[in-house]
Amino acid sequence: MSTLDKPRTHEGRVVRRPGPRESAPEAAHRRRRTLEVSLAVAVPLVLVLLWQLAASRQWIDERVYPAPSAIVADGWERAAEGELWPDVWATLRRVLAGYALGTASGYLLGLLMGALPLVRAALEPILDALYVVPKLALLPIFLNMFGLGEGPQVALVAATVFFFVWISTMAAVLAVPDGHRDAGRVFGANRRQMFRHVLLPASLPAVLVGARIAAGVAVLVIVASESIAASDGLGHLIFDSRALFQNDVMFVGIVCVAVLGVLFSELVRVAGRLLTPWAPRDRGRGQS
(Lines give C-alpha, C1' and ligand atoms only; values in the text may rest on other atoms or scores of the structure.)
Protein backbone atom coordinates (compact mmCIF):
# COMPACT_ATOMS: atom_id res chain seq x y z
CA MET A 1 0.00 0.00 0.00
CA SER A 2 2.90 2.35 0.66
CA THR A 3 4.10 2.16 -2.92
CA LEU A 4 0.76 1.92 -4.71
CA ASP A 5 -1.93 4.49 -5.33
CA LYS A 6 -5.06 4.24 -3.21
CA PRO A 7 -7.30 1.34 -4.22
CA ARG A 8 -10.24 2.33 -6.33
CA THR A 9 -13.43 0.43 -6.77
CA HIS A 10 -14.56 -0.23 -10.31
CA GLU A 11 -17.72 -2.21 -10.95
CA GLY A 12 -17.39 -3.97 -7.62
CA ARG A 13 -13.69 -4.76 -8.09
CA VAL A 14 -10.71 -3.24 -6.26
CA VAL A 15 -8.26 -1.73 -8.74
CA ARG A 16 -4.78 -0.75 -7.68
CA ARG A 17 -2.73 1.36 -10.03
CA PRO A 18 1.10 1.32 -9.99
CA GLY A 19 2.68 4.12 -7.98
CA PRO A 20 5.79 6.08 -8.96
CA ARG A 21 8.16 3.47 -7.57
CA GLU A 22 6.56 0.69 -9.63
CA SER A 23 6.11 2.62 -12.88
CA ALA A 24 9.60 4.17 -12.86
CA PRO A 25 11.81 2.22 -10.40
CA GLU A 26 15.11 3.63 -11.64
CA ALA A 27 13.97 7.24 -11.29
CA ALA A 28 12.55 6.48 -7.83
CA HIS A 29 15.85 4.89 -6.85
CA ARG A 30 17.79 7.96 -8.02
CA ARG A 31 15.48 10.28 -6.10
CA ARG A 32 15.84 8.18 -2.96
CA ARG A 33 19.62 8.05 -3.33
CA THR A 34 19.81 11.81 -3.90
CA LEU A 35 17.76 12.38 -0.77
CA GLU A 36 19.98 10.08 1.29
CA VAL A 37 23.19 11.71 0.09
CA SER A 38 21.75 15.17 0.66
CA LEU A 39 20.81 14.32 4.24
CA ALA A 40 24.19 12.69 4.87
CA VAL A 41 25.94 15.90 3.78
CA ALA A 42 23.47 18.47 5.11
CA VAL A 43 23.14 17.29 8.70
CA PRO A 44 26.88 17.36 9.55
CA LEU A 45 27.25 20.63 7.64
CA VAL A 46 24.46 22.29 9.62
CA LEU A 47 25.99 21.11 12.90
CA VAL A 48 29.41 22.49 11.92
CA LEU A 49 27.85 25.82 10.88
CA LEU A 50 26.01 26.04 14.19
CA TRP A 51 29.27 25.33 16.00
CA GLN A 52 31.02 28.04 13.99
CA LEU A 53 28.21 30.49 14.71
CA ALA A 54 28.28 29.73 18.42
CA ALA A 55 32.04 30.30 18.55
CA SER A 56 31.93 33.51 16.54
CA ARG A 57 29.09 34.92 18.68
CA GLN A 58 30.96 33.81 21.81
CA TRP A 59 28.09 31.63 22.97
CA ILE A 60 30.78 29.07 23.81
CA ASP A 61 34.32 29.59 25.09
CA GLU A 62 36.69 29.33 22.10
CA ARG A 63 39.54 28.45 24.44
CA VAL A 64 37.70 25.23 25.29
CA TYR A 65 35.77 24.65 22.06
CA PRO A 66 37.70 26.21 19.16
CA ALA A 67 35.75 27.18 16.08
CA PRO A 68 35.78 24.68 13.19
CA SER A 69 37.62 27.24 11.05
CA ALA A 70 40.41 27.40 13.65
CA ILE A 71 40.59 23.60 13.83
CA VAL A 72 40.84 23.31 10.05
CA ALA A 73 43.51 26.02 9.88
CA ASP A 74 45.57 24.38 12.60
CA GLY A 75 45.23 20.94 11.04
CA TRP A 76 46.23 22.27 7.63
CA GLU A 77 49.27 24.00 9.12
CA ARG A 78 50.38 20.89 11.01
CA ALA A 79 49.90 18.72 7.94
CA ALA A 80 51.81 21.15 5.69
CA GLU A 81 54.70 21.28 8.15
CA GLY A 82 54.79 17.50 8.45
CA GLU A 83 53.92 17.43 12.15
CA LEU A 84 50.66 15.53 11.79
CA TRP A 85 51.58 12.66 9.47
CA PRO A 86 53.92 10.77 11.86
CA ASP A 87 51.12 10.45 14.39
CA VAL A 88 48.60 9.40 11.73
CA TRP A 89 50.99 6.81 10.35
CA ALA A 90 51.83 5.44 13.81
CA THR A 91 48.14 4.89 14.61
CA LEU A 92 47.36 3.47 11.18
CA ARG A 93 50.32 1.08 11.33
CA ARG A 94 49.26 -0.30 14.70
CA VAL A 95 45.63 -0.63 13.69
CA LEU A 96 46.42 -2.50 10.48
CA ALA A 97 48.87 -4.90 12.13
CA GLY A 98 46.60 -5.65 15.08
CA TYR A 99 43.52 -5.95 12.89
CA ALA A 100 45.22 -8.43 10.55
CA LEU A 101 46.41 -10.62 13.43
CA GLY A 102 43.10 -10.49 15.30
CA THR A 103 40.99 -11.14 12.21
CA ALA A 104 43.07 -14.09 11.01
CA SER A 105 43.19 -15.81 14.41
CA GLY A 106 39.54 -15.09 15.24
CA TYR A 107 38.35 -16.33 11.86
CA LEU A 108 40.32 -19.58 11.96
CA LEU A 109 39.32 -20.42 15.51
CA GLY A 110 35.71 -19.44 14.87
CA LEU A 111 35.56 -21.79 11.89
CA LEU A 112 37.01 -24.66 13.90
CA MET A 113 34.72 -24.10 16.88
CA GLY A 114 31.68 -23.71 14.66
CA ALA A 115 32.41 -26.86 12.66
CA LEU A 116 33.80 -29.12 15.42
CA PRO A 117 31.62 -29.52 18.54
CA LEU A 118 34.43 -31.00 20.65
CA VAL A 119 36.70 -28.02 19.98
CA ARG A 120 33.83 -25.70 20.86
CA ALA A 121 33.12 -27.56 24.10
CA ALA A 122 36.78 -27.38 25.12
CA LEU A 123 37.50 -23.71 24.35
CA GLU A 124 34.23 -21.80 24.57
CA PRO A 125 34.05 -21.46 28.39
CA ILE A 126 37.52 -19.93 28.77
CA LEU A 127 37.06 -17.65 25.76
CA ASP A 128 33.70 -16.48 27.12
CA ALA A 129 35.41 -15.60 30.39
CA LEU A 130 38.18 -13.68 28.64
CA TYR A 131 35.70 -11.87 26.40
CA VAL A 132 34.08 -10.00 29.29
CA VAL A 133 37.43 -8.72 30.59
CA PRO A 134 37.89 -5.05 29.56
CA LYS A 135 40.62 -5.13 26.95
CA LEU A 136 42.42 -2.08 28.34
CA ALA A 137 42.90 -4.13 31.52
CA LEU A 138 45.15 -6.40 29.46
CA LEU A 139 47.51 -3.57 28.54
CA PRO A 140 49.74 -4.00 31.64
CA ILE A 141 50.08 -7.69 30.81
CA PHE A 142 51.11 -6.89 27.24
CA LEU A 143 53.56 -4.28 28.52
CA ASN A 144 55.16 -6.96 30.71
CA MET A 145 55.26 -9.36 27.78
CA PHE A 146 56.48 -7.07 25.00
CA GLY A 147 57.90 -4.05 26.81
CA LEU A 148 57.52 -0.52 25.55
CA GLY A 149 57.07 0.07 21.83
CA GLU A 150 54.75 -1.27 19.16
CA GLY A 151 54.16 -4.72 20.66
CA PRO A 152 51.64 -3.85 23.39
CA GLN A 153 49.62 -1.58 21.08
CA VAL A 154 49.37 -4.17 18.32
CA ALA A 155 48.61 -6.97 20.78
CA LEU A 156 45.80 -4.99 22.38
CA VAL A 157 44.15 -4.27 19.04
CA ALA A 158 44.58 -7.91 17.99
CA ALA A 159 43.01 -9.18 21.22
CA THR A 160 40.04 -6.85 20.82
CA VAL A 161 39.44 -7.68 17.17
CA PHE A 162 39.91 -11.40 17.82
CA PHE A 163 36.83 -11.68 20.03
CA PHE A 164 34.53 -9.81 17.65
CA VAL A 165 35.59 -11.91 14.68
CA TRP A 166 35.63 -15.17 16.63
CA ILE A 167 32.09 -14.72 17.95
CA SER A 168 30.64 -13.65 14.60
CA THR A 169 32.41 -16.48 12.74
CA MET A 170 31.39 -19.21 15.15
CA ALA A 171 27.80 -17.98 15.24
CA ALA A 172 27.70 -17.72 11.44
CA VAL A 173 28.92 -21.30 10.98
CA LEU A 174 26.44 -22.63 13.54
CA ALA A 175 23.65 -20.70 11.80
CA VAL A 176 24.22 -22.33 8.39
CA PRO A 177 20.84 -23.93 7.57
CA ASP A 178 20.59 -27.70 7.79
CA GLY A 179 19.30 -27.71 4.25
CA HIS A 180 22.67 -26.49 2.99
CA ARG A 181 24.46 -29.27 4.85
CA ASP A 182 21.95 -31.87 3.64
CA ALA A 183 22.45 -30.74 0.05
CA GLY A 184 26.20 -31.18 0.44
CA ARG A 185 25.74 -34.70 1.82
CA VAL A 186 23.39 -35.61 -1.01
CA PHE A 187 26.10 -34.67 -3.51
CA GLY A 188 28.60 -36.82 -1.63
CA ALA A 189 30.71 -34.01 -0.17
CA ASN A 190 33.31 -35.17 2.32
CA ARG A 191 34.25 -33.13 5.41
CA ARG A 192 36.80 -31.00 3.56
CA GLN A 193 34.44 -30.32 0.66
CA MET A 194 31.58 -29.55 3.05
CA PHE A 195 33.82 -27.06 4.79
CA ARG A 196 35.06 -25.47 1.55
CA HIS A 197 31.88 -25.40 -0.54
CA VAL A 198 29.09 -25.16 2.06
CA LEU A 199 30.16 -23.71 5.41
CA LEU A 200 32.60 -21.09 4.15
CA PRO A 201 30.41 -19.35 1.51
CA ALA A 202 27.25 -19.62 3.62
CA SER A 203 28.84 -18.05 6.71
CA LEU A 204 31.12 -15.45 5.10
CA PRO A 205 28.58 -12.57 4.81
CA ALA A 206 27.84 -12.69 8.55
CA VAL A 207 31.56 -13.00 9.32
CA LEU A 208 32.27 -9.82 7.39
CA VAL A 209 29.64 -7.96 9.40
CA GLY A 210 31.61 -8.83 12.53
CA ALA A 211 34.85 -7.82 10.82
CA ARG A 212 33.35 -4.44 9.95
CA ILE A 213 32.28 -3.84 13.55
CA ALA A 214 35.76 -4.87 14.68
CA ALA A 215 37.31 -2.28 12.35
CA GLY A 216 35.63 0.57 14.20
CA VAL A 217 36.40 -0.91 17.61
CA ALA A 218 40.07 -1.31 16.66
CA VAL A 219 40.37 2.44 16.11
CA LEU A 220 38.71 3.15 19.46
CA VAL A 221 41.03 0.80 21.32
CA ILE A 222 44.24 2.07 19.76
CA VAL A 223 43.39 5.67 20.67
CA ALA A 224 42.80 4.68 24.30
CA SER A 225 45.97 2.59 24.34
CA GLU A 226 48.13 5.34 22.85
CA SER A 227 46.87 7.77 25.46
CA ILE A 228 48.25 5.49 28.19
CA ALA A 229 51.40 3.84 26.88
CA ALA A 230 52.72 5.50 23.72
CA SER A 231 54.91 8.43 22.79
CA ASP A 232 53.28 9.02 19.40
CA GLY A 233 50.06 8.33 17.54
CA LEU A 234 46.73 10.16 17.42
CA GLY A 235 45.71 8.98 20.88
CA HIS A 236 48.89 10.41 22.36
CA LEU A 237 48.39 13.62 20.37
CA ILE A 238 44.83 14.07 21.69
CA PHE A 239 45.55 13.53 25.36
CA ASP A 240 48.93 15.23 25.37
CA SER A 241 47.51 18.38 23.74
CA ARG A 242 44.63 18.36 26.24
CA ALA A 243 47.11 18.28 29.11
CA LEU A 244 48.89 21.27 27.55
CA PHE A 245 45.56 23.12 27.01
CA GLN A 246 46.06 23.04 23.24
CA ASN A 247 42.43 22.33 22.52
CA ASP A 248 42.66 23.18 18.83
CA VAL A 249 45.32 20.47 18.41
CA MET A 250 43.18 18.09 20.45
CA PHE A 251 40.25 18.57 18.07
CA VAL A 252 42.54 18.07 15.07
CA GLY A 253 43.44 14.67 16.50
CA ILE A 254 39.79 13.83 17.14
CA VAL A 255 38.83 14.73 13.56
CA CYS A 256 41.69 12.61 12.23
CA VAL A 257 40.53 9.65 14.33
CA ALA A 258 36.96 10.04 13.03
CA VAL A 259 38.10 10.18 9.41
CA LEU A 260 40.44 7.22 9.91
CA GLY A 261 37.67 5.16 11.50
CA VAL A 262 35.16 5.92 8.75
CA LEU A 263 37.64 5.15 5.97
CA PHE A 264 38.79 1.92 7.59
CA SER A 265 35.25 0.70 8.21
CA GLU A 266 34.26 1.62 4.65
CA LEU A 267 37.30 -0.21 3.27
CA VAL A 268 36.27 -3.37 5.13
CA ARG A 269 32.71 -2.99 3.82
CA VAL A 270 33.87 -2.65 0.23
CA ALA A 271 36.23 -5.62 0.62
CA GLY A 272 33.32 -7.62 1.98
CA ARG A 273 31.17 -6.70 -1.02
CA LEU A 274 33.92 -7.89 -3.36
CA LEU A 275 34.45 -11.14 -1.46
CA THR A 276 30.73 -11.95 -1.24
CA PRO A 277 29.02 -10.78 -4.44
CA TRP A 278 26.18 -13.22 -3.74
CA ALA A 279 25.26 -11.57 -0.42
CA PRO A 280 22.44 -8.98 -0.18
CA ARG A 281 23.53 -5.35 -0.32
CA ASP A 282 23.51 -3.29 2.86
CA ARG A 283 20.07 -1.87 3.49
CA GLY A 284 19.97 1.86 3.66
CA ARG A 285 22.77 2.32 1.13
CA GLY A 286 21.01 3.28 -2.04
CA GLN A 287 18.25 0.75 -1.61
CA SER A 288 14.76 1.87 -2.47
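The values are calculated or read from the model by the stated rules, or taken from the named source; none is laboratory data. Bear in mind the structure is a predicted one, so any value in this text is a computation, not a measurement. Using ideal geometry, Cβ is built from the backbone for each residue, glycine included, and neighbour counts are taken over all protein chains shown. Side chains are part of the model used for accessible areas, which takes the heavy atoms of the whole protein and leaves out ligands, DNA and RNA. Shrake-Rupley method; radii C 1.70, N 1.55, O 1.52, S 1.80 Å.
Before moving on, here are some points about what is shown:
- Rounded FRET efficiency, nearest 0.05, which uses the C-beta distance separating V255 from A171 and R0 of 35 Å: 0.50
- 3J(HN,Hα) from dihedral phi, region 109-116, Karplus parametrisation 6.51/-1.76/1.60, rounded to Hz, x for glycine, proline: 5, x, 4, 5, 6, x, 8, 10
- Ligands, DNA and RNA left out, the 1.4 Å accessible surface of the chain is 66% carbon and sulfur atoms.
- The largest-to-smallest principal axis extents of the Cα set in the chain are 75, 60, 30 Å.
- Each of D128 and A40 was given a label point 7 Å from its Cα along the Cα-to-Cβ line. The distance between the two points is 3.9 nm.
- Average projection area in nm² (convex hull over Cα atoms of region 30-96, one quarter of hull surface): 7.3
- Secondary-structure-derived ellipticity at 222 nm for the chain, considering helices only, amounts to -24500 deg cm²/dmol, per-run term -39500 (n - 2.57) for DSSP H runs with n ≥ 4.
- Treating each Cα of region 32-172 as an identical point scatterer and summing with the Debye formula, the log10 of I(q)/I(0) at q = 0.10, 0.17, 0.18 Å⁻¹ comes to -0.64, -0.97, -1.00.
- Hz values of 3J(HN,Hα) by residue in region 244-258 - Karplus curve (6.51, -1.76, 1.60), Gly and Pro given as x: 8, 6, 9, 5, 5, 5, 4, 5, 4, x, 5, 4, 4, 5, 4
- The ellipsoid that matches the Cα gyration tensor of region 169-213 has semi-axes, each √(5λ) in whole angstrom, of 22, 10, 7, with the longest given first.
- Förster radius 35 Å - calculated FRET efficiency between A79 and H29, Cβ distance, rounded to 0.05: 0.35
- Extension gain from F195 to L274, taking 0.36 nm per residue of separation minus the Cα-Cα distance: 26.4 nm
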